[in-house]
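Below: the structure, in C-alpha cells.
The values are calculated or read from the model by the stated rules, or taken from the named source; none is laboratory data. Computed from a predicted structure; not experimentally measured. Here the Cβ positions follow ideal geometry from the backbone for every residue, glycine too, while neighbour counts run over all protein chains shown. With ligands, DNA and RNA removed, areas are computed over all heavy atoms of the protein, side chains included. Shrake-Rupley method; radii C 1.70, N 1.55, O 1.52, S 1.80 Å.
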Amino acid sequence: MNTQLHEYTRNQQSSLANYVRTGTLNNVEGLTENRVHYYRKLVHNVLNDSLQSAFPITYDLLEEDEWYDLVEKFFRYHDCQSNEIWKMPYEFYQFTISNENNLIMKYPHLNDLLLLEWTEIEVYMMENKPPHKFNIEGDLLNDVLVLNPEFNIIKLKYPVHIKGSREINKDDLGNYFVLIYREPKTFRVQFVNLSVYFAWLIARLLEESKPLIDIYEAAEETFRVDKSILEKNSYQFITDMINNKFILGFKNDNNSK
Amino acid sequence: MDNGNKHIGIGFRKDFAEEFLEKKILKPVFVEVAPENWMGIGGYWKNIFDKVAEQYPVYMHGLSLSIGSPDPIDWNFLRKVKNFLKTYDIKIYSEHLSYAKCDNAHLYDLLPVPFRWDAVHHVSKRIREVQDFLERKIAIENVSYYTPVAAEMTEAEFINAVVAEADCNLLLDVNNIYVNAFNHKYNAEKFLDQLPLDRVEYIHMAGHEQVEPDLIIDTHGEPIIIPVYELFEYTVNKLPKNVPVLLERDFNIPELAELQHEMSLMENICRRAWNHEYAVA
Ligand SMILES: [Fe+2]
C-alpha cells in the first residue's frame, strides 16, 4: 500500500499551518472561513502567555506594540524547535538578539535582560545534578571546596540584575557577572552579583579541583594583589556562599572512602 | 462516595499541585500528565512530580508528537518518552489525531488533519511505527476541530479507518464529540455509534466555551455541562468494557471541591452503567 502523503494533502496542511503563523490564508479547501481565525487566536494566546510569564520584566519594559510585534514576528519567521513549550522562550531570546537591531538600539540592555530572565528559568528547571561527595566540616583554606552544580554564570554589559530596567542607561555599560544557582531542598533560584575577581575565583574552583590556598596564590599573580589581602577580602564571600548553599562543603579524607 | 471512586482520574496541573498533595480534596484513581511538561526537568517540579507518581498511577497524554503531520516523526523526542514511560511505569500513553508541527515548526496547538485516504495511510503507518518503537499500543484521541480541511470522508470514517489500519487504541474524548457535533451539525449519539467502541481504552471529559451562536471552543476552562454528562452516560452504556475516565481542566481552575464534585458525578454514571462489577464483588 502506498502510505505516502499526497502533495495536495501536504500542501493543505502546510497552508493551514502557515495561516496560523502568518495570518495569510492560501486556498485551503472546504474551510469555514469565519472560524479558522480561532486557531490563530488560540495559538497566539498560548504563545503570548508563555512568553509573558517567561519574560515579565522585558514585557514590562517594551511598549505594548513593540511586544506584540515581536511575538508576532517571532512566530511568523522563526521555526520553533522545542517540543516543550517551557523551552520555547530560549528560542525567542535567540531570535530577538539576532534579528531585532532596532529594538536593541532603543533598549541597549535588552539582550542582557532576556538572557537574565531566560537563565532564571533554565536554572529553575534544569535536571538534577548530584554534587560531588562532600563533608560539611572542613578546612576553608586547605580542603577543596565542593560547589552546588546546579548553577550558571552569565556575563552582562548592563546591570539588569541589580537595577530597574527603566533606570538603566548608557553610563551603566560595563562588565557584570551574575551567579544564578538553585538552592538544594528549597529549589529557589538565587542571584549573586559577582565582581570580576569572584567570577574568576569560582571559575578556578570549578576547573581545577584545588584548595583556596593554591587559588589565592594564582590570584596574587593575576590580579597583582597580595594574597593575604585577597584571602581577607574573600573570607566574607566564601562564608556567605557556604551559608547560602552555593558552596556545599569540603572534599576531604572523611568522605573519600 | 468519594472513597468509592474506581474509574475517574484528573489531569494534573501545576496550578493546583501543592493543594492537591496537601489537602487530598481530590481523590482520583490516577493522574494524567503531558510528557512535554514533566520530562527532562529537575528541581521543584521534579520533586512534586515524584511525590505524585509515588501516590498515584500516572497516565501520559502527549501534546507534540504530531502524529498527523507531514513532517517526519521526532524519534529523539520519542526515545525520551520511552524512557519516561519505563521510569514511572506508565500504563497508558495517548496522543491526538491531529498535527502540532508543520514545515519544521512547532505550533503549540492541535490542527485538524484532512479527512482523506492518503492521510489515513500516512497517519496509520506512523502510529504503527511509534507502537513498534515503544513496544506497546498507544491510544489516539479524537480531537475537536473548528473547520474541516479538504475532507473526502466523514470524521467517523476517518477515525475508524485510522484505528483499524494502525491497530491502535482509541482515546474517546466525549466532550470533543459533543463540540464537533454542535459545530458541524451532526448527531452526537449517532456519531458515537459509528465509532469502534471495542477499541476504547480511555475516556476524556471536559468543559468548553460557546463563543458564537453556532460555535463552541474546546477550552477545558469551564465545568462540564449536562448534555456532555448525558452523552457520557450514553457512551459508557455502549462500551463493551470498563475504562478509566479523565477529568480535564486546564484553565480557570475552580475550588478543588468543585472538581471533585464533577469527578463524583462521573463515577456515579460509571457505576450505574457498569454495576455488574459490584454485583460480582
Ligand atoms: Fe481530551
* Asked: Using a basic spin-label model with each label point 7 Å from the Cα along Cα→Cβ, how many nm lie between A:N48 and A:L206?
  -> 3.8
* Normalised alpha carbon radius of gyration of the stretch B:1-132 [divisor 2.2 N^0.38 Å] -> 1.18
* To do: Using +1 at the Cβ of each Lys and Arg and -1 at the Cβ of each Asp and Glu in chain A, identify which of A:N83, A:N102, A:L141 lies farthest towards the dipole's positive end.
  => A:N83
* **Rounded to the nearest 20 debye, dipole of the stretch A:178-257 from Cβ charges on Lys, Arg, Asp, Glu** => 460
* Structure fact -> Using alpha carbon centers only, the stretch A:22-53 is separated from the stretch B:1-31 by a whole-angstrom value of 33
* Asked: Quick one: Karplus J couplings for the stretch B:197-214, per residue in order, coefficients 6.51, -1.76, 1.60, θ = phi - 60°, nearest Hz, x for Gly and Pro?
  -> 5, 5, 9, 6, 9, 6, 10, 10, 10, 7, x, 8, 9, 8, 9, 9, x, 10
* **Spin-label model distance (nm) - A:S228 vs B:K51, 7 Å beyond Cα toward Cβ** => 5.2
* Counting only residues 5 or more places away or on other chains, whose amide H sits under 5 Å from the amide H of A:G249 once H atoms are built in the peptide plane? -> A:V146
* Once phi is turned into ³J(HN,Hα) by the Karplus curve 6.51 cos²θ - 1.76 cosθ + 1.60 with θ = phi - 60°, what whole-Hz value does each residue of the stretch B:15-23 show in order, with x for glycine and proline? -> 3, 10, 3, 5, 4, 4, 6, 7, 9
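Stretched out fully, how many nm does the piece from B:N76 to B:I25 gain, at 0.36 nm a residue minus the Cα gap? Could the numbers behind the result be given before it?
Working: separation 51, 0.36 × 51 = 18.36 nm, distance 3.80 nm.
14.6 nm is the gain from fully extending B:N76 to B:I25.
Please give the calculated 222 nm ellipticity per residue for the protein assembly as shown, where each DSSP H segment of at least 4 residues contributes -39500 (n - 2.57) and the sum is spread over every residue; nearest 500 deg cm²/dmol? If you can, show how the numbers build up before the last one.
On the way: 21 runs with 248 residues, N = 538.
Rounded to the nearest 500, it is -14000 deg cm²/dmol.
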* **Calculated FRET efficiency for the pair B:S264/A:D240, C-beta based, R₀ 56 Å, to 0.05** => 0.60
* Asked: So if we plug the beta-carbon distance of B:Q194 and A:E217 into 1/(1 + (r/R0)^6) with R0 = 56 Å, what FRET efficiency do we get, rounded to 0.05?
  -> 0.10
* Treat each spin label as a single point 7 Å out from the Cα along the C-beta direction, and report the B:Y234 to A:D79 distance in nm. => 4.4
* Decide, for the stretch A:166-257, between rounded, prolate and oblate: order the square roots of the alpha carbon gyration tensor eigenvalues as a ≥ b ≥ c, take rounded if a/c falls under 1.5, and otherwise choose prolate if a/b is larger than b/c, else oblate. => oblate
* To do: With no solvent and one equal point scatterer placed on each C-alpha of the stretch B:8-274, evaluate the Debye formula and give log10 I(q)/I(0) for q = 0.15 Å⁻¹, two decimals.
  => -1.17
* Kindly write out, for the stretch B:115-128 in residue order, the coupling ³J(HN,Hα) from the Karplus curve 6.51 cos²θ - 1.76 cosθ + 1.60 (θ = phi - 60°), rounded to whole Hz, with x marking Gly and Pro. => 6, 9, 5, 5, 5, 4, 5, 4, 5, 5, 4, 5, 4, 4
* Asked: Taking the Cα atoms of the protein assembly as shown alone, what are Rg (to one decimal) and Dmax (as a whole number) in Å?
  -> 27.2, 87
* What whole number of Å gives the distance from the Cα centroid of the stretch B:97-125 to the Cα centroid of the stretch A:82-110? -> 29
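Which FRET efficiency, nearest 0.05, do A:N193 and B:N37 yield, Cβ-Cβ r, R0 30 Å? The partial results should precede the final answer.
Details: r = 32 Å, r/R0 = 1.07.
According to the calculation, E is roughly 0.40.
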* Probe 1.4 Å, all protein chains in place: accessible area of A:H109 in Å², nearest 10? -> 10
* Asked: Assigning unit charges at the beta carbon (Lys, Arg +1; Asp, Glu -1) and nothing else, what dipole magnitude in debye, to the nearest 20, does the protein assembly as shown show about its Cα centre?
  -> 1040
* To do: Using Cα centres only, tell me the gap between the stretch B:208-281 and the stretch A:168-193 in whole Å.
  => 47
* To do: Excluding residues on the same chain fewer than 8 positions from A:K245, give the aspartates and glutamates whose Cα lies under 12 Å from its Cα.
  => A:E150, A:E183
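Would you mind giving the mean number of other chain beta-carbons within 10 Å of the Cβ of each residue in B:75-83, as a whole number? Numbers along the way, then the final one.
Details: counts 0, 1, 2, 1, 0, 1, 1, 0, 0.
If you average over the peptide's residues, the count of other-chain Cβ atoms is 1.
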